[in-house]
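What follows is a set of notes on a single structure, which appears directly below.
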Amino acid sequence: GSSLARQQLTTNQIRAIFGEVRRIEGDWKIDPKRANKNLILLKPKMAYRAKKEQRSRGVGELVSVLDPAINLVAGKQKNFTRFVEFFEAILAYHKAAGGN
C-alpha cells in the first residue's frame with residue numbers, strides 16, 4: 001500500500017482494476033466458467049494498463065503482484081474470494097498511506 005502510494009499510484013488506477021475484479025466476482029455466482037475466463041483475460045488488460053500508465057510505476061508494481069496471484073486462484077472460487085479480500089486490503093493500505 002505505502003510502496004504503491006510512493007510510486008504515484010492513484011486510487012482511481014487501483015479502482016479501475018478492482019472494478020473489473022468485482023464484476024468477475026458477481027459473474028462467478030452466475031456463471032463460474034465465464035467468470036474464470038474473464039479472470040484470465042484480466043491479465044492482458046492489466047498489462048495494457050501498466051504499459052499505458054508508464055509515468056506511474058505503481059501500476060506496474062500492482063500488476064506484478066496481482067498477475068501471479070491470478071495464476072494461483074484461477075479456477076478456484078474459494079481462492080478467488082481470498083484474492084478479492086487481498087485486493088481490498090491493498091486498496092485500504094494504499095488509502096491509509098496517503099494514496100490519492
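The values are calculated or read from the model by the stated rules, or taken from the named source; none is laboratory data. Computed from a predicted model, the values in this text were never measured in an experiment. Quick reminder, even Gly has a Cβ in these numbers, built from the backbone with ideal geometry, and neighbours come from all protein chains shown.
Looking at segment 44-56, which of its residues are part of a helix (DSSP H, G or I) and crowded, with 16+ Cβ neighbours inside 10 Å?
Hits for segment 44-56 are MET46, ARG49, ALA50.
ASN100: loosely packed, with under 15 Cβ neighbours inside 10 Å and outside any helix (DSSP H, G or I), yes or no?
Answer is yes for this residue.
A quick yes/no check of all residues on (1) under 10 Å from the mean Cα position of the chain (by Cα); (2) within 12 Å of LEU9 (Cβ to Cβ); (3) acidic (Asp, Glu):
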{"position": "ASP31", "(1), (2), (3)": "no, no, yes"}
{"position": "LYS37", "(1), (2), (3)": "no, no, no"}
{"position": "ALA47", "(1), (2), (3)": "no, no, no"}
{"position": "GLU53", "(1), (2), (3)": "no, yes, yes"}
{"position": "ASP67", "(1), (2), (3)": "yes, no, yes"}
{"position": "LEU72", "(1), (2), (3)": "no, no, no"}
{"position": "LYS78", "(1), (2), (3)": "no, no, no"}
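Does ARG34 satisfy the condition of being at pLDDT 95 or above and in a helix (DSSP H, G or I)?
Here the answer is yes, as ARG34 does meet what is asked.
Taking GLY60, is it out of contact with any Asp or Glu (no Cβ under 7 Å at 6 or more places or on another chain), part of a loop (DSSP other than H, G, I, E, B) and not hydrophobic (A, V, I, L, M, F, W, C)?
No: the conditions fail for GLY60.
Checking ASN71 against (1) among the polar types (S, T, N, Q); (2) without any contact (Cβ under 8 Å) to a residue 60 or more places away in the chain; (3) crowded, with 16+ Cβ neighbours inside 10 Å, which test does it fail?
Every listed condition holds for ASN71 apart from (3).
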